[in-house]
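Read the structure below first, then the notes.
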Amino acid sequence: MFNPPDNSSLIAAARTALAGGKARARLFEHDGRRYVVKRLAEQPRSWLQIVFMRWLVRRVTGQALPLRTLALSEAAGSMGYEAGRLKRLAAAGVRVPPVVAEADDFFVLDYCGTVAASLLEKWTPAEWRAELPRLARELGEFHAAGHWHGGAQIKNITLQAGQSWRIDFEENFGEFLPLAAAQTTDLLLFLNSISLAGPIDEPEARQLLPQLLAAYFQAHPEPEIRRIIARAHPLLRRLASLARPFRRWSKKGIRRVEILVDLLARV
């Protein structure tokens, strides 16, 4: 990894790549190297989402989040927030893509491989049964070092040369939550993103997810995360019960919730 000698030409190449469509992130080549350019995207949540999330966080953790934070007024409105988090995590030794150039409305990262969610589509059962527990353990190690992600789904993990890299640090709610609450959110997002993903059907998910949970807790045996899950489980179970009559109209979402609720009953 290195800082390109001609930053202005790299920024120009990144701007050209973005001009090719509306995608928020684009892969491009410049001077024989691959980069990813990511642009600013407004992501305001609806007031219904904001109020519900605030109520849920308070119910589970006993701490209220500022409404401004839940609305993503800072995270979605500033490229500097995500670029700053990437730089701080890199300085702490976390594998994240280096920020190699910044503009007012986008920044450029070194390319660090293919996202795990895409690789899962091609993996054999033997491969995903080896790789996914490793990613669960690495999430636990990341948390044990005192960090939180905010978007720990496998679509935000890339793999290259046998190593994983974390991407997408737009969310800022973890700045205002107790660390264990932010880490619990990471864990649930990670598990839910694997359930019924690609070739993983329901029987496989119900067999695999407990192994992932065990791998995570082996790396990060934090009692407070277990306590938060225990407080949240009755609420999640009731929500799953209310949603069950609509299961036939839901592609995967309700089934994923049911699988997750059954899994968390073991914690």
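The values are calculated or read from the model by the stated rules, or taken from the named source; none is laboratory data. Predicted model, so just to flag it, every value in this text is computed and none were measured. Here the Cβ is made from the backbone with ideal geometry for all residues, glycine too, and neighbour counts use every protein chain on show. What goes into the accessible areas is simple: the full protein's heavy atoms, side chains included, and nothing from ligands, DNA or RNA. Shrake-Rupley method; radii C 1.70, N 1.55, O 1.52, S 1.80 Å.
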query = What list of ³J(HN,Hα) values in whole Hz, one per residue of the stretch 209-214 in order, does the Karplus curve 6.51 cos²θ - 1.76 cosθ + 1.60 (θ = phi - 60°) give from phi, with Gly and Pro shown as x?
reply = 4, x, 5, 5, 4, 5
message = Tell me whether the stretch 190-267 comes out rounded, prolate or oblate; compute the Cα gyration tensor, take square roots of the eigenvalues as a ≥ b ≥ c, and use a/c under 1.5 as the rounded threshold.
response = oblate
note = Ranking Lys155, Lys38, Lys252 from most to least accessible area with a 1.4 Å probe gives Lys155, Lys252, Lys38
key: Given Lys22/Lys251; Lys22/Lys122; Lys38/Lys155; Lys38/Lys251; Lys22/Lys252; Lys87/Lys122, the pairs whose alpha carbons are separated by over 22 Å   = Lys22/Lys251; Lys22/Lys122; Lys38/Lys251; Lys22/Lys252; Lys87/Lys122
ask   = Going from most exposed to least, what order do Arg226, Arg256, Arg24, Arg85 have by accessible area with a 1.4 Å probe?
value = Arg226, Arg24, Arg256, Arg85
note = Judged on accessible area alone, 1.4 Å probe, highest first, Ser164, Ser118 line up as Ser118, Ser164
remark   = Taking Lys and Arg as +1 and Asp and Glu as -1, residues besides Leu135 with C-beta under 11 Å from its C-beta add up to 0
inquiry  = Please report the accessible area of Glu175 (heavy atoms, 1.4 Å probe, ligands and nucleic acids excluded) in Å², nearest 10.
reply    = 90 Å²
